[in-house]
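The values are calculated or read from the model by the stated rules, or taken from the named source; none is laboratory data. Here the structure is a predicted model, which means the values were calculated and not measured. Note that we place each Cβ from the backbone using ideal geometry, even for glycine, and neighbour counts take in every protein chain shown. Surface areas here come from the heavy atoms of the whole protein model, side chains and all, with no ligands, DNA or RNA. Shrake-Rupley method; radii C 1.70, N 1.55, O 1.52, S 1.80 Å.
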Amino acid sequence: KPAPIIRGEYHVQNVAFGKQGKRAAALVSTPTSPGEIAIIDLTKKTTLPKFITKMNGEWLKSVQVSKPQEVWFSSTNKTRVQGWVLKPPGFRPSKRYPAVVQVHGGPRTQYGYSFFHEFQMLAAKGYVVFYTNPRGSQGRGSAFTASIVNGWGTVDYEDVMAGADWLVKQPYIDSKRLGITGGSYGGYMTL
C-alpha cells in the first residue's frame, strides 16, 4: 500500500534511492519554485525534503510568482472536481481579470503541486489561470481515471465546463474575457 514519504505540497520526480535504502535524492518542485535537488530521509515516517541545490534562487529573486489556491467544485452527478486558481501578482479583489482555463494532456495524468512556468507567465501578464483534474485524470483511483474509457470528451468535458462555470461566478473574473487552452489531450478538449 503506498504511503507518503514527505509531507507538504510538493511534486517529487526523478527519484534515485541510496544503496542502503535509507535516503533518496529527487527533483522536487513546488507551485512557486521550479525543481531543485533534495534529499529525502526514508527512515522517518514522513519528513520534509532537504534541498541541496538553489539553482533557481537568483532567478526567483528577479520575478514575481503567485501561489495557486486549491478549490473544489461540483460537476454533473455531484462529482467533486479538484482545481486551482492562480491569480496575478499584486491581485486586487475589486478588479475584474481576464481568465484562461488550462486543460491537461493525457488524459491519464493530473495537475498537482508543481511549478508551471506557462501558468506563471500568464498570471504575470494579468490573467487568472484556472486548471483542474477532470474525470479521466489520475490520482483519485482507477474508477475516476477509467470513467472516460470509450468516452473521451463526455464527462471530462462536463467537468471542465462546470469548472469554467464556477470560475466566471467569482467576482474578480471578467466573464467576457475568458479563454481556454491545453496541450495534447487538453488541445483536443478545447475543440
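Checking the table K50/K125; K1/K78; K95/K169; K50/K87 against a 24 Å threshold on Cα-Cα, which pairs fail?
K50/K125; K1/K78; K50/K87
Percent antiparallel among DSSP beta bridges with both residues in the chain, to the nearest 5?
70 percent
Counting other Cβ atoms within 10 Å of each Cβ, which trypsin sites (Lys or Arg not before Pro) in the stretch 109-147 have at most 14 and sit in a DSSP loop?
K125
Please give the contour-minus-distance gain from S62 to E118: 0.36 nm per residue of separation, less the Cα-Cα distance, rounded to one decimal in nm.
The S62-E118 span can extend by a further 18.5 nm.
Ratio of the stretch 15-107's C-alpha Rg to 2.2 N^0.38 Å, to two decimals?
The stretch 15-107 yields a ratio of 1.49.
Which length gain, in nm to one decimal place, applies between W72 and A146 when the Cα-Cα distance is subtracted from 0.36 nm times their residue separation?
24.6 nm
So for the stretch 65-140: antiparallel DSSP bridges make up what percent, rounded to the nearest 5? Kindly include the intermediate steps, with their values, before the conclusion.
Details: 11 of 15 bridges.
The answer is about 75 percent antiparallel.
Which ³J(HN,Hα) values in Hz, rounded to whole numbers, follow from the phi angles of the stretch 112-121 under the Karplus curve 6.51 cos²θ - 1.76 cosθ + 1.60, where θ = phi - 60° and Gly and Pro get x?
Residue by residue, the stretch 112-121 yields x, 8, 10, 8, 10, 4, 5, 5, 4, 5 Hz.
Check which residues have an amide H placed less than 5 Å from Y97's amide H, if you skip close sequence neighbours.
I173, D174
Please compute the volume of the convex hull spanned by the alpha-carbon atoms of the chain and report it per residue in Å³.
Cα-based convex hull of the chain, divided per residue, equals 140 Å³.
Under a 5 Å amide H to amide H cut-off, with H placed in plane at 1.01 Å, what residues pair with T47 once short-range neighbours are removed?
Under 5 Å from the amide H of T47: I6, R7.
Pick out, in residue order, every one of the chymotrypsin sites (Phe, Trp or Tyr not before Pro) in the stretch 124-164 that is DSSP loop and has at most 16 other C-beta atoms within 10 Å; say none if there are none. Intermediate results must be reported in sequence, preceding the final value.
Working: sites: Y127, F130, Y131, F144, W152, Y157; in loops: Y127, W152.
When the chymotrypsin sites (Phe, Trp or Tyr not before Pro) of the stretch 124-164 are filtered for loop state and at most 16 Cβ neighbours within 10 Å, W152 remain.
Report, to the nearest whole %, how much of the accessible area of the chain belongs to carbon and sulfur atoms, 1.4 Å probe, protein only.
That fraction is 53 percent.
With the contact rule set at Cα under 8 Å and sequence spacing of 6 or more, what percent relative contact order holds for the stretch 8-158?
For the stretch 8-158, the relative contact order is 19 percent.
So if I restrict to the alpha-carbon atoms in the stretch 88-191, what is the Rg, and what is Dmax, the biggest pairwise distance, in Å?
Looking at the stretch 88-191, its Cα Rg and Dmax stand at 14.1, 44 Å.
Can you work out the Karplus-derived ³J(HN,Hα) for every residue in the stretch 4-13? Use 6.51 cos²θ - 1.76 cosθ + 1.60 with θ = phi - 60°, whole Hz, and x for glycine or proline.
With coefficients 6.51, -1.76 and 1.60, one gets x, 10, 10, 10, x, 9, 9, 10, 10, 8 Hz.
With runs of 4+ DSSP H residues as the only contributors, calculate the mean residue ellipticity of the chain at 222 nm using -39,500 (n - 2.57) per run, divided by the residue total and rounded to the nearest 500.
That comes out to -5500 deg cm²/dmol.
Take the Cβ-Cβ distance between S94 and T190 as r, set R0 to 41 Å, and report the resulting FRET efficiency rounded to the nearest 0.05.
The computed FRET efficiency comes out at 0.85.
Once amide H atoms are built 1.01 Å from N in the peptide plane, which residues 5 or more positions from R23, or in another chain, come under 5 Å H to H?
So R23 has HN proximity to G18, L42.
How many nm separate the modelled label positions at K50 and Q20, each set 7 Å beyond the Cα in the direction of the Cβ?
It is 1.3 nm.
Applying the Karplus parametrisation 6.51 cos²θ - 1.76 cosθ + 1.60 with θ = phi - 60° to the phi angles of the stretch 181-191, what ³J(HN,Hα) value in whole Hz is obtained for each residue in order, glycine and proline being reported as x?
Once θ is set to phi - 60°, the couplings for the stretch 181-191 become 8, x, x, 6, 4, x, x, 4, 5, 7, 6 Hz.
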